[in-house]
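Single-structure report; data block below.
The values are calculated or read from the model by the stated rules, or taken from the named source; none is laboratory data. None of the values given here were measured: they were computed from a predicted structure. When we count neighbours, we look across all protein chains shown, and the Cβ atoms used for this are built from the backbone with ideal geometry, even at glycine. Just so you know, the surface numbers come from the protein's heavy atoms only, side chains and all, with ligands and any DNA or RNA stripped out. Shrake-Rupley method; radii C 1.70, N 1.55, O 1.52, S 1.80 Å.
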Amino acid sequence: MAQALVRFLANQYVERDGIEQRFFAGCWGIFGHGNVGGIGQALHERPDDLRYFQARNEQAMVHAASGYAKMRDRLAMFACTTSIGPGATNMVTGAALATINRIPVLLLPGDVFSSRAPDPVLQQLEVPWAGDVSVNDVFRPVSRYFDRIMRPEQIVPAALAAMRVLTSAADTGAVTLALPQDVQAEAFDVPDDFVARRTWHIERRLPEAAAIVRAAELIGVAKRPLIVAGGGLIYSGATEALRKWIDATGVPVAETQAGKGALPFDHPLALGAIGVTGTSAANRVAREADLVIGIGTRWTDFTTASKTVFQDPNVRFVNVNVAEFDAQKHAGLALVGDARATIEALAGWSYTVDPAYRERVERLVREWSAEVDRLYSLGHTPLPAQSEVIGAVNETAGPRDVVVCAAGSLPGDLHKLWRTRDPKGYHVEYGFSTMGYEIAGGLGVKMAAPDREVYVLVGDGSYLMLAQELVTAVQERIKIVVVVVDNHGYSSIGGLSRSLGSQGFGTHYRYRKAGSLGLDREGPQGDTLPIDIAANAASLGAVSEKVRTVAELRAALTEAKRVERPYVVTIETDRYESVPAYESWWDVAPAEVSGLDDVRAARERYEKGRKSARSHLRPPR
Ligand SMILES: Cc1ncc(C[n+]2csc(CCOP(=O)(O)OP(=O)(O)O)c2C)c(N)n1
Ligand SMILES: [Mg+2]
């Protein structure tokens, strides 16, 4: 059965806009009992069908697969095979990330014997009241399709169902086919048609004509329209269509995390990031917008600043989305269709914004650009600020190079400050915001775009959570440049904790104070932990350097361009010198009752802030 599956996967192709490409770039895997004999044997016997890649950690290999598929606009992807038990469950976080971000990954966890002969097998979870449960059932809620292959011939409908989901822009995400180890090794008569070359056509569906008319009418009477570009717009390859449309109409564009790069940063109508981590320009324009056109966005809490960013009481939404589920949000007028095709249809209706509105937008954009210049060159001492690190990386990176990030304070700062010049130049995983995605995801990005330099920006906390794929980068001779921003712990959550009155509790990397556990040892107490990230990276085989100043960082980045090996630069920054928020709010609830004054004050501020949250329930016309 495993041999048939590998042959099947090797023969899947996708076609969009007349361009046909192979869908599976290969198969990541860590072997153990549960896959070493089945899938492992099949990959070994037919190495040309599906190229095998070894990883250090199953979670990380799913991240690498996600980074790859996202970079390839979901038109190419990886499978991931694991042993049963912990090898399988290690993939759950990766599955959730892929599903939440709508990125196709095919997960093939090994499963317990379908025969139940060896029972309980090593690593089997026994559930006394349910014989058909295994640990792989945890994949169900985080997969867009789940199946367990109990008989070999069952792989035929399951593999086809998996492909339907993986190639669907609306439904894609993690697909899990749990493979009992005895079934993997079992023989069956494989229908020739099953393993024949098969092409899946990715359509560009249009919304129904009447919906386009209704949207054009709403746009036609809008005084202060705003486009919010999401990840769907980038996947659709709609950036050129967007630019043409706004050049003709003058409608400004704000970007979500996944939508950043929809416009080059220096376009006069590019407001940049919107929401909790939004720019002053985008958040001011959003406040007064009377019509918001969301394109390929699922309207997360960060994008809407917990429903506070749009304050016009009469604001209406038009939602262009391939997923009906998202198109209906905020009581919007739903345009269910492909972003590029729909923009082109809307562009058929003439409209231009009021010149005074356009002038105001362009002034706000210029003011924002001056703010970025300021933050890039603060000259903060004795330690540099994170914004200066971002500035240095941005200014060293070429126009097509890619920045990769996922969690901590960096994603918010990058969302505001990174000057994106290419639609695929900004790769921040902020759907699941997974600490540990950065290096593994960056590896996948580089595999998808070997001609671009890939800059992974990662906090010390995220680095310590999952840095081992540096070894994979060394093994596969894949060059990524990793910049570790070391602020001795969780600065983002520290700031959040202080804002809630909890004084940064549990967010510093410090020695425990003597006596706090009844122990009273000699040694540094309350001091920063002696973690040497640069030495750690070097020990994994990367070229590694520790720098102190922004000038040294620039020199290291210049050197990194020359070196064709994984390159890690570590720089210490001032954890308290953060980029301001620009008229945004985020709903994070402090305790309603507390003995601490700081918490009570935070709760008071919170109650006030919450009053500006809107419901966005007004029915569409
Ligand atoms: C896997 C995971 N665990 C916990 C969190 C919650 N969290 C978000 S940011 C953060 C701290 C990140 O620390 P670091 O990478 O050093 O970045 P910094 O906050 O210092 O910028 C934590 C714990 C998360 N996003 N992902
Ligand atoms: Mg940190």
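When the residues Ser578, Ser168 are ordered by accessible surface, computed with a 1.4 Å probe over the protein chains alone, the sequence from largest down reads Ser578, Ser168. With a ≥ b ≥ c taken as the square roots of the eigenvalues of the C-alpha gyration tensor of region 574-621, please select rounded if a/c is under 1.5 and otherwise prolate if a/b is larger than b/c or oblate if it is not? Judged from the Cα gyration tensor, region 574-621 comes out oblate (a/c at least 1.5, b/c at or above a/b). Ordering Leu97, Val588, Ala222 by the projection of their Cα atoms onto the charge dipole of the chain, which places +1 on the Cβ of Lys and Arg and -1 on the Cβ of Asp and Glu, puts Ala222 at the extreme positive end.
Calculated on the alpha-carbon coordinates, the convex hull of region 250-401 measures out at 132 cubic angstrom per residue. Computed over protein heavy atoms with a 1.4 Å probe, the accessible surface of the chain works out to 40 Å² per residue. Taking the Cβ-Cβ separation of Asp451 and Glu577 as r and a Förster radius of 51 Å, what is the calculated FRET efficiency to the nearest 0.05? So the FRET efficiency works out to roughly 0.90. These residues, His267, His508, go from largest to smallest accessible area, 1.4 Å probe, as His508, His267.
Simple point charges give the picture: +1 on the Cβ of Lys and Arg, -1 on the Cβ of Asp and Glu, and for region 191-260 a dipole about the Cα centre of about 260 debye. Cross-link list Lys244/Lys561; Lys424/Lys611; Lys244/Lys611; Lys260/Lys546; Lys329/Lys416; Lys223/Lys424: which exceed 28 angstrom alpha carbon to alpha carbon? Exceeds cut-off: Lys244/Lys561; Lys424/Lys611; Lys244/Lys611; Lys260/Lys546; Lys223/Lys424.
Packing-based ranking of 202-212, 388-398, 346-356 yields 388-398, 202-212, 346-356, ordered from highest to lowest mean Cβ neighbour count within 10 Å.
Relative contact order of the chain, taken over Cα pairs closer than 8 Å and 6 or more residues apart, is 13 percent. Can you classify region 549-590 as rounded, prolate or oblate using the Cα gyration tensor, where a ≥ b ≥ c are the square roots of its eigenvalues, rounded means a/c under 1.5, and otherwise it's prolate if a/b beats b/c and oblate if not? Prolate shape, in that a/c is at least 1.5 and a/b is the bigger ratio. Please work out, to two decimal places, the log10 of the ratio I(q)/I(0) at q = 0.09, 0.17, 0.18 Å⁻¹ from a Debye calculation in which every Cα of region 161-286 carries one identical scatterer. For region 161-286 at q = 0.09, 0.17, 0.18 Å⁻¹, log10 I(q)/I(0) is -0.45, -1.01, -1.09. About its Cα centre, the dipole of region 569-616 is roughly 360 debye, where the only charges are +1 on Lys and Arg Cβ and -1 on Asp and Glu Cβ. Protection proxy ranking, highest mean first, for peptides 52-65, 271-284: 271-284, 52-65, where packing is the per-residue count of other beta-carbon atoms within 10 Å, averaged.
Rg/Rh, computed from the Cα trace of region 293-349 with Rh as the Kirkwood radius, has the value 0.99. List the aspartates and glutamates whose Cα lies under 17 Å from the Cα of Lys307, skipping any in the same chain that are fewer than 8 positions away. Correct list for Lys307: Glu255, Glu288, Asp290, Asp326, Glu583, Asp587, Glu607.
Ordering Asp460, Asp189, Asp73 from largest to smallest accessible area (1.4 angstrom probe), what's the sequence?
Ranked from most to least accessible, the order is Asp189, Asp73, Asp460.
Tell me which chymotrypsin sites (Phe, Trp or Tyr not before Pro) from region 537-613 have a DSSP coil assignment and no more than 14 other beta carbons within 10 Å of their own. Qualifying residues, ordered by number: Tyr576. Electrostatic tally near Phe113: other residues with Cβ closer than 9 Å to its Cβ, Lys and Arg +1, Asp and Glu -1, net -2.
With the helix formula -39500 (n - 2.57) applied to DSSP H stretches of n ≥ 4, the chain reaches a computed 222 nm mean residue ellipticity of -10500 deg cm²/dmol. A straight line joining the Cα centroids of region 465-484 and region 348-420 runs 27 Å. How would the chain be classified by its alpha-carbon gyration tensor: rounded, prolate or oblate, with rounded meaning a/c under 1.5 and the a/b versus b/c comparison settling the rest? Oblate, because a/c is 1.5 or more while a/b does not exceed b/c. Counted by Cβ distance under 12 Å from Gly230, the other residues give a net charge of +2, where Lys and Arg count +1 and Asp and Glu count -1.
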